[in-house]
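**Q** Let me begin by handing over the structure; questions about it come next.
Values quoted throughout were computed directly from the atomic coordinates according to the rules given, and no laboratory measurement underlies them. This structure is a prediction, so every number in the text was calculated from the model and none was measured. We place every Cβ from the backbone using ideal geometry, glycine too, and count neighbours over all the protein chains shown.
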Amino acid sequence: MSFGLLNMAMLAGLLAMALPVIAHLLSKRKFDVVQWGAMQFLELGRKTRRKIRLQDMLLLLLRMALIGLVALALARPWGQGGLFGALSDGVSRDVVFVLDGSYSMGWEGKAVTPYAAGIDWIHEALEDLQPGHTAGLIDARTKSRHLVDPPATDLRLVREQVNTLAAPSGTSNLSAAVTEAMQILSSTSNVSREVIVLTDGQRLPWRLEDQMAWQRLVDLKEQPAIPPKLFVVNVGSQSRDLTNFSVDPLQLSRSMTVPDFPIRIRTTVRQSGGDNTLRNVFLEVNGQRLQSQVTEVSLLPNGEALVELEHRFDAVGSYVVGVSLDGDNLPADNRAEAVVTVADGIPVLLVDGDSQLDETRDETFFLKSAFASSGRTSPWVRADVVKPEALSKTSLTDYRVVMLCNVPQLTEDNVTQLNEFVVGGGGLVIAPGNRTNAAAWNALRLNEHVPLLPLQLDSVETDEGAKAGDARAAKVTVDHQSLQLPWLERFRKERGVDFAEARFSQWWLLKPLEMSTPEPQVDAAADSDTDDSATVKKPEELPPVLTLARLSTEAPLLVSREWGDGEIMQLAGPLDADWGTLPARSDFVPFVHELVFVLTKAGPGRNVDVGAPLLWPLPKETRGLDWVVSGPGAKEQPVAEVAHGGRPTGLFAQTALPGVYYFHRAGTKPESGEPFVVDFDRAESNLRPLDDAEWAELTQDERFVRLDSMEELTTKLKNDNSRTELWWLLLFGVLGLLVFEVALTRQMVKGGHAALDVQPA
């Protein structure tokens, strides 16, 4: 038999028991005594005085007991076992259901998927709850969704949320979801508190290797006066076939292209378990398989195969491309999708820092020629040229890429203008030359700690083998082995034409900027007198710089840095023929086109990860109209209009579920709008279950209680919840003491002091 209190803080009310004692002591204050003759006839006898003192003491104890019982009743004490179990049939419960919503729960190897079995289990458990009980619901995904929070007494609301759950998708983190469930229960008030996790027994969602997360969970469980009970129910098949085929997320050579320009789509097909097998891989466009694009791959047990496909779009528009496999028991990972936007010419602004009277000697002459030489009626790239002094007067919202060609220097207004352009999703190319002022460029900052240039301009290097003015004699070429990115691989020796044969007589040596690391700062709003309340702000980290191509001297040729939703690329030399022979090579035209396409994004990005917001620059002619978003778990949800990158932009942030979303006009079909793909990690494709040792780790020290049936839960709760709340018994005691106190007071007043001792004559 045991006894406990729901809220120890309520015991502070017991201090009020001292009030009757204080009142009694105050009533006993001493006064001056004046003796007079007749006083002897009013003095009480010894027995009478003793009786009155006993009655006073009893009345004092009664009043103290009244206050103490009220305080204990408010603390909601409970008893467990023995006699307490016979006083009540059960206690009020607060339950939070955590349903694993990862795509492995959609395994179709049996008549009922684990996800459907979990939903049925919750419905059955809700039937066992009584009036006054509460229930909450968490949909455990990559980012948990709190569908019923706080727990509700209206169980119909919980049933409605369960019935409208989205299909399983993405991954899940059960340790994090359980931690969130316990935080929810920390604010509830019923005596019994339970977290019930429904999952398929897969190892991955538990993240057993994350010891810090598990320690937080254990600490959180031990904090409350009544720790919650944690149950885990395995709704998956104990003997399911672990063989599974999956497609990794797609890698695109570019997210934006033009009609008739090839785009390469790369992915990896994997087999988990299984035997040696052949598998067909299909290319899809807007959900339709292209019969001409079927590839067969050979897979070993737990093996993988790289797949690369190529496609040309013949019309302008936005397309959802996909790579898919034939069905298996886990269909959610048999397809990977991405959005490709096809535009009728990419608008590019060329800033010519060395214009000449002879047009052929302009800094941008070769670029203009390359962009105009596509052989189409409408060029793939529509290039405009301005001088540096006209840059500040040019609206960059009309362009997707800005190329600064041998520009001597920029003003602060130019930097602010370009910063806003890149943050909004634009691409910036910096090609320095002989007129570039290195000191001025190295001093430019996007903000206090981030420079404009990915790498600083150190010095101009010269190839010793080149004759004066003859770049063809130079020995420095492109290191084709450094071309590792998909859009650059086509220019390697084994695949390209002559890009690797380009020679460079001069180039800028690019080095990391020497910048002092900013010191951590203390928030001025915090209390400086106490270290505990001061908030330390970490210094901003510099965005990483990637080296995309190198010269044969191992010096960087092309580097990049992402900034905001856009990207900044920096070359080691100009894009004309002054310092090298690259413009004379056949690969120059496809290279500058690829450079433009890879920097061009369809807004801030059409292909994002789970949880990332969707941003779409609103077309000028449609601003102010009712735009909505439809997709997984969302039907015509409103779009917020924000300013992003200097232009009105539609924002939608509810992307907890992966899949295809569409920005479209209210009342129209979603497919008529602009698509976005929210992608997810494919780690769940490995169906490996928890083994006996891992189950033992999960359930050690009663961290979790493993259940296989509803009957086990009922039995367990009946044993654990034999606790009986005793506040109602205490209130009966209060009522009895009140009656006794009134009777005693009445008797004392009625008797008065009439019973006097008889004095001898």
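**Q** Please report the net charge: other residues with Cβ closer than 10 Å to the Cβ of VAL96, K and R +1, D and E -1. Before the final figure, lay out the partial values.
**A** Numbers: positive: ARG193; negative: ASP94, ASP149, GLU180, GLU194.
Spelling it out: positives minus negatives among the neighbours equals -3.
**Q** Now for a separate question. Whose amide H sits under 5 Å from the amide H of ILE346, counting only residues 5 or more places off or on another chain, with H placed in the peptide plane?
**A** Result for ILE346 returns VAL381, ARG382.
**Q** Count the DSSP beta bridges whose two residues both fall in segment 264-382, then state the antiparallel fraction as a percent rounded to the nearest 5.
**A** 95
**Q** Compute and list, largest first, the equivalent-ellipsoid semi-axes of segment 607-679 from the alpha carbon gyration tensor, each √(5λ) rounded to a whole angstrom. If you can, show how the numbers build up before the last one.
**A** Values: eigenvalues 67, 44, 18 Å².
Value: 18, 15, 9 Å, ordered largest first.
**Q** With θ set to phi - 60° and the Karplus curve 6.51 cos²θ - 1.76 cosθ + 1.60, what are the ³J(HN,Hα) couplings of segment 351-356 in order, to the nearest whole Hz, using x for Gly and Pro?
**A** With the stated coefficients, segment 351-356 comes to 9, 8, x, 8, 6, 10 Hz.
**Q** What Kirkwood hydrodynamic radius, in Å, does segment 173-284 give when the mean of 1/r is taken over all pairs of distinct Cα atoms and then inverted?
**A** On the way: mean 1/r = 0.0538 Å⁻¹.
The Cα-based Kirkwood calculation yields 18.6 Å.
**Q** Rounded to the nearest 0.05, what FRET efficiency is calculated for ASP326 and GLU702 with R0 set to 60 Å and r the Cβ-Cβ distance?
**A** Values: r = 45 Å, r/R0 = 0.76.
So, using R0 = 60 Å, E works out to roughly 0.85.
**Q** For every other residue with a beta carbon closer than 10 angstrom to the beta carbon of ASN329, add +1 if it is Lys or Arg and -1 if Asp or Glu, then tell me the sum. Show your work: numbers first, answer last.
**A** Working: positive: LYS110, ARG240; negative: GLU108, ASP241, ASP328.
Cβ neighbours under 10 Å give a net charge of -1.
**Q** I want to check the label-to-label distance for LEU651 and LYS387. Put each point 7 Å from Cα in the C-beta direction and report it in nm to one decimal.
**A** Using points 7 Å along Cα→Cβ, the separation is 4.1 nm.
**Q** So if we plug the beta-carbon distance of GLU108 and ALA473 into 1/(1 + (r/R0)^6) with R0 = 60 Å, what FRET efficiency do we get, rounded to 0.05? Show your work: numbers first, answer last.
**A** Numbers: r = 67 Å, r/R0 = 1.12.
After rounding, the FRET efficiency stands at 0.35.
**Q** Whole number please: convex hull volume per residue of the Cα set in segment 347-436, in Å³? Please list the in-between numbers first.
**A** Values: hull volume 8.7 nm³, N = 90.
Spread over its residues, the Cα hull of segment 347-436 gives 97 Å³ apiece.
**Q** Kindly state, to the nearest 0.05, the FRET efficiency for GLN637 paired with GLN55, given R0 = 51 Å and r defined as their beta-carbon distance. Mind showing how you got there, number by number?
**A** On the way: r = 74 Å, r/R0 = 1.46.
Efficiency for this residue pair is about 0.10.
**Q** Which whole-Hz ³J(HN,Hα) couplings does segment 240-255 yield from phi under the Karplus relation 6.51 cos²θ - 1.76 cosθ + 1.60, θ = phi - 60°, glycine and proline marked x?
**A** 7, 5, 8, 6, 8, 10, 8, 10, 6, x, 7, 10, 9, 5, 6, 8
**Q** Taking K and R as +1 and D and E as -1, what net charge do the other residues with C-beta under 9 Å from the C-beta of ASN244 add up to?
**A** Numbers: positive: ARG270; negative: ASP241, ASP328, ASP333.
The answer is -2.
**Q** Which length gain, in nm to one decimal place, applies between SER709 and ASN276 when the Cα-Cα distance is subtracted from 0.36 nm times their residue separation? Before the final figure, lay out the partial values.
**A** Numbers: separation 433, 0.36 × 433 = 155.88 nm, distance 3.79 nm.
This chain segment gains 152.1 nm when fully extended.
**Q** What residues have an amide H closer than 5 Å to that of THR134, excluding those fewer than 5 places away on the same chain, when H is modeled at 1.01 Å from N in the peptide plane?
**A** Under 5 Å from the amide H of THR134: ARG93, ASP94, VAL95.
**Q** Tell me the label-point distance for the pair HIS146, LYS620, using the 7 Å Cα-to-Cβ offset, in nm and rounded to one decimal.
**A** 4.5
**Q** Counting other C-beta atoms within 10 Å, which of THR668, THR257 has the fewest, and how do the rest follow?
**A** Working: THR668 13, THR257 24.
Starting with the residue having the fewest Cβ neighbours, the order is THR668, THR257.
**Q** Taking a virtual spin label 7 Å from the Cα of GLU310 along the C-beta vector, which residues in segment 225-264 bring their backbone nitrogen under 19 Å of it?
**A** Flagged as within label range: 251-264.
**Q** Name the aspartates and glutamates eligible as straight-distance cross-link partners of LYS669: C-alpha to C-alpha under 16 Å, and not fewer than 8 places from it in the same chain.
**A** Those aspartates and glutamates meeting the cut-off are ASP626, GLU636.
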